[in-house]
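Right, one structure below, let's go through it.
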Amino acid sequence: MAPTIGVLALQGDFREHIHALTVIGEQTLMVRTPADLARVDALVVPGGESTAISKLAVAFDVLEPIRERIEAGMPAYGSCAGMIMLADTILDPRSGQVSFGGLDVSVRRNAFGRQVDSFEAVLHAPKISGDRELTAVFIRAPWVEECGSDVEVLARVESGPNAGAVVAVAQNGVMATSFHPELTSDHRVHSYFAQLVKERA
Ligand code: GLN
């Protein structure tokens with residue numbers, strides 16, 4: 001049976017993730033409760049505001065169930081705020097802010113600073129897009145500041161003052177991007193994740 005990819009639908013741009021996954025032919029389900037979570041084979045954590053997603057995950061009783069599923073091997077993908085939610089360590093959390101974890105990384109929220117609040121950059125992520133370019137949209141984005149030895153770096157910023165910053169990572173079945181592929185019509189990141197989900201099914 002085809003896997004069902006859940007999209008955490010508490011806050012943020014979950015509709016855009018559902019759209020991207022639907023366009024590439026994946027079966028999706030909005031996840032808001034532990035019962036929803038039990039029906040999915042993988043989970044996407046959207047972009048939005050990680051402090052709000054953190055609070056709502058506690059309020060909707062999905063924090064621990066999601067932690068447990070990820071720990072038990074459920075594939076997960078987070079964009080932007082979703083990256084923060086999948087990081088084991090948030091370097092500058094708001095007080096009480098928690099994450100699901102799953103990626104042995106430390107992330108810094110709003111890392112690119114005010115000057116470059118939002119921007120687009122052309123990246124190369126060979127695993128995701130071969131030698132073709134990938135246009136990445138960043139909105140008050142985090143970056144990965146430290147990576148454990150099992151973490152694979154999928155992409156870095158290539159030019160400008162932040163050249164070298166790690167903006168896409170994966171570890172086992174968990175991946176994250178600082179940018180928002182759900183806001184473009186290029187669905188290669190979603191296809192890459194869907195492939196990973198199938199390999200792990
Ligand atoms: N800065 C936001 C946060 O801390 C993330 C922004 C985004 O998802 N576009 O959650």
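The values are calculated or read from the model by the stated rules, or taken from the named source; none is laboratory data. Remember, predicted model here, so these are calculated numbers, not experimental data. All Cβ positions, even for glycine, are placed from backbone atoms using ideal geometry, and neighbour counts span all protein chains on display. Ligands, DNA and RNA are stripped out before the accessible areas are found, and what is left, the full protein with its side chains, is counted by its heavy atoms. Shrake-Rupley method; radii C 1.70, N 1.55, O 1.52, S 1.80 Å.
Inside segment 127-156, residues that are of a type outside the set (Phe, Trp, Tyr), within 16 Å of the ligand (Cβ to nearest atom) and open to solvent by less than 20 Å² (accessible area, probe 1.4 Å) make up a count of 4. Checked against the criterion of being within 14 Å of the ligand (Cβ to nearest atom) and open to solvent by 70 Å² or more (accessible area, probe 1.4 Å), segment 176-194 has at least one qualifying residue.
Per the conditions (1) free of Cβ contacts under 8 Å to residues at least 40 places away in the same chain; (2) open to solvent by less than 10 Å² (accessible area, probe 1.4 Å), the sole criterion not satisfied by residue 35 is (2).
Residue by residue, here is whether (1) within 13 Å of the ligand (Cβ to nearest atom); (2) open to solvent by less than 50 Å² (accessible area, probe 1.4 Å) holds:
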{"site": "41", "(1), (2)": "no, no"}
{"site": "60", "(1), (2)": "no, no"}
{"site": "75", "(1), (2)": "no, yes"}
{"site": "90", "(1), (2)": "yes, yes"}
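Taken as a whole, segment 48-55 holds at least one residue that is open to solvent by 10 Å² or more (accessible area, probe 1.4 Å) and over 16 Å from the mean Cα position of the chain (by Cα).
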